[in-house]
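Right, one structure below, let's go through it.
The values are calculated or read from the model by the stated rules, or taken from the named source; none is laboratory data. Nothing here was measured: the structure is a model prediction, and the numbers come from that model. As a convention, Cβ positions derive from the backbone with ideal geometry for all residues, glycine included, and neighbour counts pool all protein chains shown.
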Amino acid sequence: MSILGTLSTFSSRRKLLVAIALSAFILTTLLFRDSTCPDGIECWNSSFWITDIDPPMSPSHDLQKPIVQQEETDNNVFGDVDPGLDGDDDSSVEEMEDSLPPAEDKAPIEEEDVQETPTSAETKYLTFLPHSGFHNQRIAAQNAFYLAHLLNRTLLLPPAMIGKVFGWRPYDTLLKWHLLHSKAGHDECAKFADLPADEQKAVGVSTVCDTMNGYTYVRWDLLYNLSELGAKIPFIPRDYFTDEYLQTEFDISTQQTWYFKDTFQYDAMIFDTNVDPDPASHDLEKYHSLLRVPDLAARPEKLIHLGSLFGSSRMVASTKERRTLRGWINSQFIFSNRQLIDTVDHVVETLGGPRSYVSLHARVGDGAFERNRDKVLTQLWADFSKKFPPLPGPPAAQVTPAQCLDPATRPLAVQNGSLPFIFMATDDRNPRAAKYFSKFYEAYPCIFTLADVLDYPSSPLAELKNPVDGLKMGKFMIPFLDGMVASRASDFTTSIWSTFSMYIRFIHKDFTKKWEAQKKASGRRDMRMEAGMEGAD
């Protein structure tokens, strides 16, 4: 049965509840929607982060028992993609993930440890609820693959949300948000998404469609090549969040499901061994309780349904082998979408080719990064200028991006290498006009952002559609493009606190490793060719 067919079977009471909730959602959207950005690349990043409206709830919490039914909630609140410091928490800074590529490209999973595909009746599953900014979702997905392997369960992988999304909330509130924002039954909305604002107004685009076109749910394998990962750790995309979908598609009832309904943002740290179950006996840092993998592995239910899995320190890996496994899982999340890569290649060539520039990431446009902008930029300046000292004397003469792109008209200090040629990834709408960036532009005359080098409408990315809802999703992927271009530099400088910066650093090191290996192999080929030519003489 299709998802629409399933929804049509709802009782009149449930339909009424859904209608009431949807009305509340529309009212909330009207009250708190973002103002319309003018056309241009500077505004696209603003569709990636929205304003936090309701602070996270922090009720008291005990280690939870199995729950056999999902609870209803009337809460419907928008949240920030990354309220706080990429970890959705103003009171703490999310610890940085390991940004070193794995020592070996081969999966550190022995063949006998690869889960065989059982019959559907025998399969046990694991799933969770996504939330917050994309790179926080990525960390949660990586944790889920790791936990699924430890539990020998098939991962029901929720889609990634990109665009205007929802920050962490307690389990029931977060689930309600996903249910209200399902695009089932709204297939017609995507056709209005690319119309100019005046045309949308003229044809009377509904508020629901206007809201629906501000985000999309996308399968992870549209962004990453997860074939090798899936061969070692089985997963199935989970496209919808209703109980009916789980029942229809996977024959999983609520009575066959064990729920861990988190009530804190950092609720349970998950240990991979039988440690003392008393949370007070461990240094859980910001976590409030603990779960143990052996206990979870012993659960008889067909599905283990968790809330949030975000947090680089949520999963405890007690052995070197398991830490290696986690590193390998993380390494599989390197963007591979063809339209994205083709657009990256074009921008990089415009800048002069891979490793012909240096890069930095300036995260200053939202949440705690905006509130702490001076601190972020002070640290960024200190880190960058230490590696690339500005020249003494008056500010550098201002030149246009076109002059900098042409090697013949670049400032002499950039031509001779005294000053770097720079690409800056940033979520700021107009950094050239921002006073807080003036120190950078005065010291370094050749700083580029995407707005300087990307013609988005003619790019391959502009035509990328999400096959699930038909929405053109390239505009939501501009931050990914920004980070990928930064990763192709010869040197990269991070923004403090940002998990996105850490991800760029990871893919920068991965790219550097592959680039150097390719150059080394190319050098060996050239030597063999020269030797062959000399032999022919």
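Numerical summary
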{"read-out": "Check on THR493, buried (at least 20 other Cβ atoms within 10 Å of the Cβ), more than 16 Å from ASN337 (Cβ to Cβ) and at pLDDT 95 or above", "value": "yes"}
{"read-out": "Every residue from the stretch 389-422 that is in contact with an Asp or Glu (Cβ under 9 Å, 6 or more places away or on another chain) and crowded, with 17+ Cβ neighbours inside 10 Å", "value": "PRO390, ALA396, CYS404, LEU405, PRO420"}
{"read-out": "Selection count, the stretch 235-277, where residues are of a type in the set (S, T, N, Q) and in a loop (DSSP other than H, G, I, E, B)", "value": "6"}
{"read-out": "Number of positions in the stretch 156-181 that are over 18 Å from the mean Cα position of the chain (by Cα) and farther than 14 Å from GLY307 by Cα", "value": "3"}
{"read-out": "Leading residue by the ranking (farthest from the chain's Cα centre (by Cα)) among those in the stretch 357-367 that are within 14 Å of MET424 (Cβ to Cβ) and either assigned to a loop (DSSP other than H, G, I, E, B) or of a type in the set (Val, Ile, Thr) (or both)", "value": "TYR357"}
{"read-out": "ILE496 in a helix (DSSP H, G or I) and either of a type in the set (Val, Ile, Thr) or not assigned by TED's automatic domain parsing to the domain that holds PRO407 (or both)", "value": "no"}
{"read-out": "Count - residues of the stretch 291-305 that are without any contact (Cβ under 8 Å) to a residue 60 or more places away in the chain and closer than 12 Å to VAL316 by Cα", "value": "2"}
{"read-out": "Criterion (touching a residue at least 40 places away in the same chain (Cβ under 8 Å), farther than 30 Å from THR173 by Cα and assigned to a helix (DSSP H, G or I)) met by exactly one of ALA231, ALA202", "value": "ALA231"}
{"read-out": "Top-ranked residue in the stretch 182-239 [being more than 23 Å from the chain's Cα centre (by Cα) and of a type in the set (Val, Ile, Thr); ranked as farthest from PRO130 (Cα to Cα)]", "value": "VAL203"}
{"read-out": "Filter result (touching an Asp or Glu at 6+ places or on another chain (Cβ under 9 Å) and crowded, with 24+ Cβ neighbours inside 10 Å) within the stretch 136-145", "value": "ASN136, ILE139"}
{"read-out": "Residue within the stretch 257-268 that is touching a strand residue (DSSP E or B) at 6+ places or on another chain (Cβ under 9 Å), of a type in the set (S, T, N, Q) and farther than 19 Å from GLU122 by Cβ present", "value": "no"}
{"read-out": "Residue within the stretch 291-299 that is buried (at least 17 other Cβ atoms within 10 Å of the Cβ), at pLDDT 95 or above, among the basic types (Lys, Arg) and not in a loop (DSSP other than H, G, I, E, B) present", "value": "yes"}
{"read-out": "Any helices (runs of 4 or more DSSP H) falling wholly within the stretch 368-464 and containing at least 1 residues that are under 22 Å from GLY133 (Cβ atoms)", "value": "373-387, 450-453"}
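Per-residue answers, yes or no, for (1) at pLDDT 95 or above; (2) outside any helix (DSSP H, G or I); (3) touching a His at 6+ places or on another chain (Cβ under 7 Å):
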position: PRO467; (1), (2), (3): no, yes, no
position: VAL485; (1), (2), (3): yes, no, no
position: MET529; (1), (2), (3): no, no, no
position: GLU534; (1), (2), (3): no, no, no
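Okay, residues lined up against (1) out of contact with any Ser or Thr (no Cβ under 8 Å at 6 or more places or on another chain); (2) over 24 Å from SER313 (Cα atoms):
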site: LYS164; (1), (2): no, yes
site: ASP172; (1), (2): no, no
site: LEU180; (1), (2): yes, yes
site: ILE233; (1), (2): yes, no
